[in-house]
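The values are calculated or read from the model by the stated rules, or taken from the named source; none is laboratory data. This is a predicted model, so every value here is computed, not measured. Don't worry about glycine lacking a Cβ; one is built from the backbone with ideal geometry, like all the others, and counts go over all protein chains shown. What goes into the accessible areas is simple: the full protein's heavy atoms, side chains included, and nothing from ligands, DNA or RNA. Shrake-Rupley method; radii C 1.70, N 1.55, O 1.52, S 1.80 Å.
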Amino acid sequence: MKNIFIIKTGDSIPCLVGRRGDFENWIIAGIETHHPFSDTIVPVHKKAQLPDLAQIDGIIITGSHAMVTEQSEWIKKTADWLVTAVKQEIPILGICFGHQILAYALGGTVGYMPEGPEFGTVSFHMSDDAKDDPIFGGLPQTFEVQTSHFQAVTKLPLNAIPMGSTAKDPYSSFRYGRSAWGVQFHPEYDADITRAYIKEINEELKKSCENTPQNPVFCHDTVQGQIILSRFAALSPKTFNQD
């Protein structure tokens with residue numbers, strides 16, 4: 001059975017944690033019905049020690065309410081650890097904050113989105129390079145994903161391959177090398193989770209007299225997120241070490 005380590009970089013909003021669980025629970029639920037696996041949760045945002053890479057078959061980095069630009073000590077340590085994991089071609093999937101810290105670790109840049117935050121169910125447009133990709137290949141050229149973020153990757157790492165974009169985010173996904181992916185969207189979210197985030201952020205934006213990002217009524221469930229999670233879980237280091 002594969003040993004996938006979930007690098008937990010933050011906690012979700014309390015109203016969701018109480019009734020639905022947290023980031024890692026949603027990720028596990030999105031995978032385990034298709035690919036039984038052994039999971040180990042590593043809460044690095046609470047200064048948990050990063051594991052020895054020799055015991056890992058895959059890495060998933062969760063979302064967070066922290067910002068990569070905060071440059072906290074745990075963020076720097078996690079970024080350095082990810083660089084080593086990429087060099088060893090361990091399969092990696094970074095989600096939202098995980099996407100951003102992976103890009104930052106590999107030399108990209110992260111910052112606030114020029115067009116404002118992106119929340120809700122939005123259209124994701126695959127790049128031509130994604131058509132034959134191990135986790136994106138065969139999916140529709142355009143499909144819908146769940147989003148909730150203020151910051152984004154503003155410059156890709158050198159040699160990173162864009163996998164797709166949204167209307168507000170030109171670097172919504174990328175692949176680096178053969179075994180590392182970042183997705184700014186949340187493949188583990190469903191419409192209920194996305195609506196909760198919109199409600200939460202709408203309240204915050206109202207306090208600062210800013211426009212609200214989206215009406216939660218427009219959110220709906222999508223299927224591609226689970227496909228991406230399942231395909232990632234099916235990978236192993238052996239996939240990339242056969243040359």
ask   = Out of the stretch 33-48, which residues are assigned to a loop (DSSP other than H, G, I, E, B) and modelled with pLDDT of 95 or more?
value = ALA48
message = Pairs please, first residue from the stretch 177-202 and touching a residue at least 60 places away in the same chain (Cβ under 8 Å), second anywhere and small (Gly, Ala, Ser) and open to solvent by 20 Å² or more (accessible area, probe 1.4 Å), Cβ atoms under 8 Å, 6+ apart in sequence or on different chains.
response = GLU188/ALA29
task = Please identify the pairs in which a residue from the stretch 103-129 that is closer than 15 Å to CYS219 by Cβ and of a type in the set (Val, Ile, Thr) has its Cβ atom under 7 Å from the Cβ atom of a residue that is open to solvent by 60 Å² or more (accessible area, probe 1.4 Å) and outside any strand (DSSP E or B), counting only partners at least 6 apart or on another chain.
result = THR121/PHE218; THR121/HIS220; VAL122/ALA167
ask   = Looking only at residues in the stretch 116-164 that are among the aliphatic types (A, V, I, L, M), part of a loop (DSSP other than H, G, I, E, B) and under 17 Å from the mean Cα position of the chain (by Cα), which one is surrounded by the most Cβ atoms within 10 Å (Cβ to Cβ)?
value = ILE135
key: Long-range neighbours under 6 Å by Cβ, at least six apart or interchain, first residue touching a residue at least 24 places away in the same chain (Cβ under 8 Å) and closer than 16 Å to LYS199 by Cα within the stretch 1-24, second part of a helix (DSSP H, G or I) and open to solvent by 20 Å² or more (accessible area, probe 1.4 Å)   = ILE13/GLU200
